[in-house]
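The values are calculated or read from the model by the stated rules, or taken from the named source; none is laboratory data. As the structure is a computational prediction, the values presented were derived from the model and not from experiment. Here Cβ is always computed from backbone atoms with ideal geometry, including for glycine, and neighbour counts include all displayed protein chains.
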């Protein structure tokens, strides 16, 4: 019986330590995302990218843009957008289950095309960037 109690106490300690560590990781991820997006907001939005877009890699993308340049929306079905337009560039964080999975940097290359890169790092990193093209498909 003492062995079972020891094992259960040890397991409880490990689970408690893991959840504290997980919360710390979430806090760091959120802080890095906030700093990344806030640091990029250096100029008023000079473009409006609100609409429905398509990427061969990602599928449908819906972007909502507020007058102040703040972006929200959906990338695929389960990645929520939090971002900002500054000047003629857009910076996005793609969030799944309260965790930023990707960061994205885009610029408008034509009225119907956004091009740039995405990264699995927060903040964005050129070391693992992958090309991304979005084409407007508004109805």
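For the condition modelled with pLDDT under 95 and at negative phi, what is the one hit in 70, 88, 131? Show your work before the answer.
Values: 70 fails: modelled with pLDDT under 95; 131 fails: modelled with pLDDT under 95.
Unique residue meeting the criteria: 88.
Only residues that are closer than 14 Å to residue 63 by Cβ, without any contact (Cβ under 8 Å) to a residue 40 or more places away in the chain and part of a strand (DSSP E or B) were counted in region 108-135, giving 2.
Return the residues of region 79-107 that are in contact (Cβ under 8 Å) with a residue 12 or more places away in the chain and farther than 18 Å from residue 133 by Cβ; say none if nothing qualifies. Let's see the steps before the verdict.
Start the filter on region 79-107 by keeping residues that are in contact (Cβ under 8 Å) with a residue 12 or more places away in the chain, which leaves 79-96, 98-107.
The answer is 80, 82, 84, 86, 87, 93, 95, 96, 98, 99, 100, 101.
Considering region 51-68 alone, what residues qualify as being surrounded by 16 or more Cβ atoms within 10 Å (Cβ to Cβ) and part of a loop (DSSP other than H, G, I, E, B)? Listed by number, the list holds a single entry, 58.
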